[in-house]
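Enquirer: Submitted below is the structure of interest, expressed as structure tokens.
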Amino acid sequence: MGRIDHDAVLRARVLLLGSGRLSPLEEVNAYRVLAEVSPKAYLPKLVDGLLLMSYRSRDPEVDLLLTHEAVAAARRIDAGAPRRDERLGSALDGHQRALFALGRRDEGRAVCEEMAEAGRSGRLATVLAEEGRFLEAAELNGKAVRGAGSEPDFWGTVEWAANLEGAGRHDEATAVVRDLLHGTRREVAGQRTALAILTWELVHLSRMYDTAGRGTQAADARREALAVLAELATTGEPKNWSCILGWWVTLFALSGRGDEPVASAASPMPAFGTDLDRVGATRDAFLATLPRLETEALELREAGRVPELADVRRRITVREVLRQGDHPYRFEERLAPHFDEGVAVARRLPDDPVRLARALTDRSMFWVAARTFEPAHADFAEAVAVLDNR
């Protein structure tokens with residue numbers, strides 16, 4: 001500790017004890033001074049104040065400075081102090097996000113590695129998946145899911161399976177999703193989850209089986225999904241569930257990963273299979289490709305290249321769903337045209353049943369999200385028939 005400015009300490013104490021409302025910056029400046037003389041009392045307040053300022057900031061450069069200082073202050077808190085590890089974890093989390101926002105991936109990844117060593121491996125798994133390091137990410141996911149000590153939840157399980165599949169571990173990936181489905185079926189039987197979620201998971205598993213070349217199992221999963229859709233079309237959901245759109249958004253986006261460029265550290269992609277409804281540099285860059293894809297689709301349409309057009313239109317739809325698919329307001333009005341166009345384009349390919357079945361399945365699952373179950377059943381029934389009659 002350097003020489004103490006007692007006048008500054010007195011002013012800081014008077015400022016905090018005053019009756020006037022202080023700005024976050026005024027509070028932080030006072031905590032900076034008082035943390036030098038009473039670190040036990042004021043270092044935690046300084047960390048909290050710095051992080052609050054960073055959350056309210058919209059400037060990554062400012063965020064970087066604030067979170068860097070917050071990390072340094074959190075490290076100075078005595079080991080064993082209440083919430084010391086929680087504060088350090090929050091400061092590190094904010095710091096790595098600021099680094100990634102500025103494109104400093106190597107430094108951001110190093111911070112994530114430190115967080116993982118402290119038992120917070122989720123962000124590191126996401127970063128590794130963004131860079132195409134799926135096996136390393138899957139190993140972290142597996143440890144987290146197995147260490148949870150309870151029945152696997154949707155989010156952790158789907159992320160784990162997505163990274164296993166990305167690493168080419170198809171048998172392990174499908175086994176993970178089958179375990180998830182066992183739990184979902186039990187929850188549906190007890191009316192603890194939605195039939196819609198069961199449908200999305202079954203269709204997702206069928207896609208995984210198709211990717212792995214296991215056509216018989218894929219057909220079985222589709223038939224079970226069709227039976228669930230028939231029930232939904234006849235009776236609807238037994239209960240009225242709150243917004244479950246995030247489940248659909250996650251699985252639909254994941255289904256499009258194979259159509260995207262290969263991820264790498266130099267060219268990261270979103271961590272498909274995770275909740276991507278959060279602001280982040282990788283997600284923002286992914287969505288920023290929409291204008292280019294729209295231009296490409298227009299050129300393909302003019303050139304009459306229908307198969308490529310179908311693929312590009314689907315990539316556009318994935319991005320639109322990620323951008324706005326979990327917002328219920330005018331949900332059908334905003335998104336239905338994308339799925340309708342996907343089916344219309346695919347119908348122009350009479351000798352390509354796979355693309356038509358994919359477009360029909362996409363629209364069916366969208367109708368499920370929109371709680372419009374009769375069209376959902378009709379579309380999926382046609383998709384199943386198309387694939388069965390190949």
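Enquirer: If R0 is 25 Å, what FRET efficiency do you get for Arg292 and Val62 from their C-beta distance, rounded to 0.05?
Expert: 0.25
Enquirer: Same structure, new question: With a cut-off of 8 Å between alpha carbons and a minimum separation of six or more residues, what is the relative contact order of the chain in percent? Spell out each step's value before the answer.
Expert: Details: 477 pairs, mean separation 41.7, N = 390.
Worked out over the chain, it gives 11 percent.
Enquirer: Once fully extended, how much extra length lies between Asp78 and Ser264, figured as 0.36 nm per residue of separation less the alpha-carbon to alpha-carbon distance?
Expert: 63.0 nm
Enquirer: A further question follows. Take the chain, connect every pair of alpha-carbon atoms lying under 10 Å apart with a spring to form a Gaussian network, then pick out the residue of Gly280, Gly147, Gly215 with the largest mean-square fluctuation.
Expert: Checking each option, the largest mean-square fluctuation is seen for Gly147.
Enquirer: A further question on this structure: Calculate, for Trp155 and Glu333, the FRET efficiency according to 1/(1 + (r/R0)^6) with r their C-beta to C-beta distance and R0 25 Å; round to the nearest 0.05.
Expert: The calculated FRET efficiency here is 0.30.
Enquirer: Return the label of the correct value of volume of the Cα convex hull per residue in Å³, as calculated from the structure shown, out of (1) 140; (2) 155; (3) 170.
Expert: Correct label is (3).
Enquirer: Can you work out ³J(HN,Hα) from phi for every residue in the range 180-193, in order, using Karplus 6.51 cos²θ - 1.76 cosθ + 1.60 and θ = phi - 60°, giving whole Hz and x for Gly and Pro?
Expert: Result, ordered by residue: 4, 5, 4, x, 5, 4, 5, 5, 5, 4, x, 6, 9, 8 Hz.
Enquirer: Right, something else. Just to check I understand the Karplus step: with θ = phi - 60° and J = 6.51 cos²θ - 1.76 cosθ + 1.60, what whole-Hz values come out for the range 374-381, glycine and proline as x?
Expert: These are the phi-based 3J(HN,Hα) values: 5, x, 4, 5, 4, 5, 6, 4 Hz.
Enquirer: For the ranges 320-328, 27-35, what's the packing order if you count other beta-carbon atoms within 10 Å of each residue, average per peptide, and put the highest first?
Expert: Top to bottom by mean Cβ count within 10 Å: 27-35, 320-328.
Enquirer: May I pose another question? May I ask you to order 51-57, 75-81, 184-190, 132-138 by the average number of other C-beta atoms within 10 Å around their residues, highest value first?
Expert: The peptides rank, most packed first, as 132-138, 51-57, 184-190, 75-81.
Enquirer: Debye calculation, C-alpha points only, no solvent: report log10 I(q)/I(0) for the range 6-120 at q = 0.16, 0.17 Å⁻¹, in the same order as the q values.
Expert: Normalising to I(0) and taking log10 leaves -0.74, -0.82.
Enquirer: Can you grab the distance from the C-alpha centre of the range 183-245 to the C-alpha centre of the range 34-62, Å, no decimals?
Expert: 47
Enquirer: A follow-up question, please. Determine, from the Cβ-Cβ distance of Cys243 and Asp85 and an R0 of 25 Å, the FRET efficiency 1/(1 + (r/R0)^6), rounded to the nearest 0.05.
Expert: The pair Cys243/Asp85 has a calculated efficiency of 0.15.
Where a number appears in this text, it was derived from the coordinates with a stated rule and is not lab data. Here the structure is a predicted model, which is why all the values come from computation and not from measurement. No Cβ is skipped: glycine too gets one built from the backbone with ideal geometry, and neighbour counts run over all protein chains shown.
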